[in-house]
Amino acid sequence: MTIAKTDSGSLSGAEIALADFTADHIAGAMRLSQDVSWPHRAEDWALSLSLSKGVVALANGQVVGTALCTAFGPVATLNMIIVDAALRGRGLGRALMERVIALAGPREMRLVATAEGLPLYEKLGFKAESRIFQHQGIARAPVGDNTVTTGSVAKIGRLAKMDEAASGLSREPLLAKIAGNGEVLVAEQGFALIRDFGRGKVLGPVVAQDTATARALVTEAAHRCDGQFLRIDLPEGRGLSDLVETLGLASAGGGIAMRRDARTAQPTDYKTFALVSQALG
């Protein structure tokens with residue numbers, strides 16, 4: 001996504017250098033994400049960076065642009081693409097994208113775009129596929145679903161296979177990191193993960209064979225987060241928006257799911273009903 005605002009008008013004439021994204025750049029990256037009202041904490045940036053390669057744009061030593069490429073087997077997500085508003089219109093967004101596209105190599109590439117970023121991504125060969133709907137708020141679910149139980153981190157390999165079948169993304173290390181610090185919910189035909197993120201907690205992924213199982217997982221997750229801030233990102237057409245609104249999670253915008261060099265999807269009984277995040281698919 002290429003949106004940002006800043007009062008740093010003096011940057012408009014600065015010389016810009018691109019460098020590898022390292023942990024030393026997280027504080028500067030946080031400034032950019034805060035400027036665009038993204039909720040990411042330093043810990044959220046660190047999680048993404050721990051699984052990714054990326055690039056930063058530097059002007060006078062200050063981080064003025066970011067982009068990450070996160071490889072999940074044959075698919076890569078391109079994410080956390082932010083350009084300081086004082087430097088928009090100078091081709092910096094395109095330069096960052098070209099660098100992370102090169103990092104992705106021959107993989108299928110996915111991203112979630114804002115309306116503002118859509119034209120650039122289309123010029124770079126990405127095609128819009130569907131919408132992502134963000135919902136968030138104070139969860140209210142005094143009653144859970146007794147068909148859902150607490151899962152074991154030790155069995156994350158089995159859940160990762162479900163996730164890969166649903167998404168095409170090979171991301172057991174990511175799911176293991178989330179499960180190790182969060183909560184695992186399992187049902188007979190699916191699973192979900194809850195973790196700390198931004199203003200409170202986020203629910204995702206939610207993977208299931210059918211809508212009824214997904215609704216049970218979401219209901220139980222909201223129950224466990226009752227009274228806390230909770231976010232969920234829903235792919236279009238999954239039939240959960242009506243449920244999450246009754247659980248206190250109001251519509252809060254979203255984005256446009258795009259792909260480049262798409263691979264043929266393998267037949268599967270599993271579907272992704274909620275993303276890990278818009279950044280990580």
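Numbers at a glance
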| quantity | calculated |
| --- | --- |
| Rel. contact order, % - alpha carbon contacts under 8 angstrom, at least six apart, the chain | 22 percent |
| Lys, Arg +1 and Asp, Glu -1 on Cβ, resulting dipole of the chain about Cα centre, debye, nearest 20 | 340 debye |
| Rg followed by Dmax, in Å, when the range 133-274 is reduced to its Cα trace | 14.3, 45 |
| Amide hydrogen neighbours beyond the local backbone of Asp145, cut-off 5 Å, H modeled | Glu220 |
| Residue-by-residue Karplus 3J(HN,Hα) for the range 252-260, coefficients 6.51, -1.76, 1.60, Hz, glycine and proline x | 9, x, x, x, 10, 6, 10, 9, 9 |
| Selected from Ala42, Gln136, Ala221, residue furthest toward positive end of dipole (the chain; charges at beta carbon) | Ala42 |
| Modelled FRET efficiency - R0 30 Å, Ala17 with Ala46, Cβ distances, 0.05 increments | 0.80 |
| Estimated FRET transfer efficiency (Arg140, Ala102; beta-carbon r; R0 41 Å; 0.05) | 0.35 |
| Reachable aspartates and glutamates, given that their alpha-carbon falls under 17 Å from the alpha-carbon of Lys201 and they are not under 8 places away in the same chain | Glu43, Asp44, Glu183, Glu220, Asp226, Asp233, Glu245 |
| Between the range 172-249 and the range 47-100, the alpha-carbon center distance in angstrom | 28 Å |
| Additional length obtainable on full extension of the chain from Asn60 to Arg94, 0.36 nm per residue less Cα span | 10.2 nm |
| Per-residue ³J(HN,Hα) for the range 72-84, Karplus 6.51 cos²θ - 1.76 cosθ + 1.60, θ = phi - 60°, Hz, x for Gly and Pro | 10, x, x, 10, 10, 9, 9, 8, 6, 8, 9, 10, 4 |
| Separation in nanometres of the label points that stand 7 Å from Cα toward Cβ, at Ala154 and Asp269 | 2.6 nm |
| Ala252 paired with Thr114, simple spin-label distance in nm, labels 7 Å along Cα-to-beta-carbon | 1.6 nm |
| Normalised alpha carbon radius of gyration of the range 109-152 [divisor 2.2 N^0.38 Å] | 1.97 |
| Charge dipole of the chain about the Cα centre (unit charges at C-beta), most positive-ward option of Val63, Leu275, Leu174 | Val63 |
| Taking the range 41-111 and dividing mean pair separation by its residue count, relative contact order in percent (alpha carbons under 8 Å, at least six apart) | 30 percent |
| Lys/Arg +1, Asp/Glu -1 at C-beta; the chain dipole; positive extreme among Val202, Ala265, Ile26 | Ala265 |
| Nonlocal amide H pairs with Val64, under 5 Å, H built at 1.01 Å | Ala57, Leu58, Ala59 |
| Total charge dipole magnitude, the range 157-254, about the Cα centre, Cβ charges on Lys, Arg, Asp, Glu only, Debye to nearest 20 | 300 debye |
| Cα-projected label distance for Ser241 with Gln228, points at 7 Å along beta-carbon direction, nm | 2.7 nm |
| Per-residue ³J(HN,Hα) for the range 217-222, Karplus 6.51 cos²θ - 1.76 cosθ + 1.60, θ = phi - 60°, Hz, x for Gly and Pro | 5, 5, 4, 5, 4, 5 |
| Ellipticity estimate at 222 nm from DSSP helix runs (n ≥ 4, -39,500 (n - 2.57)) divided over the chain, nearest 500 | -8500 deg cm²/dmol |
| Relative intensity, log₁₀ I(q)/I(0), of the chain from a Debye sum that treats every alpha carbon as a point, q = 0.07, 0.15 Å⁻¹ | -0.25, -1.11 |
| Thr211-Ser37 FRET efficiency (beta carbon distance; Förster radius 30 Å; 0.05 resolution) | 0.40 |
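Every read-out reported here was derived from the displayed coordinates using simple, explicitly stated rules and does not represent laboratory data. None of these values were measured; they are calculated from a predicted model. Because the Cβ atoms are built from the backbone with ideal geometry, glycine has one as well, and the counts that use them run over all protein chains shown.
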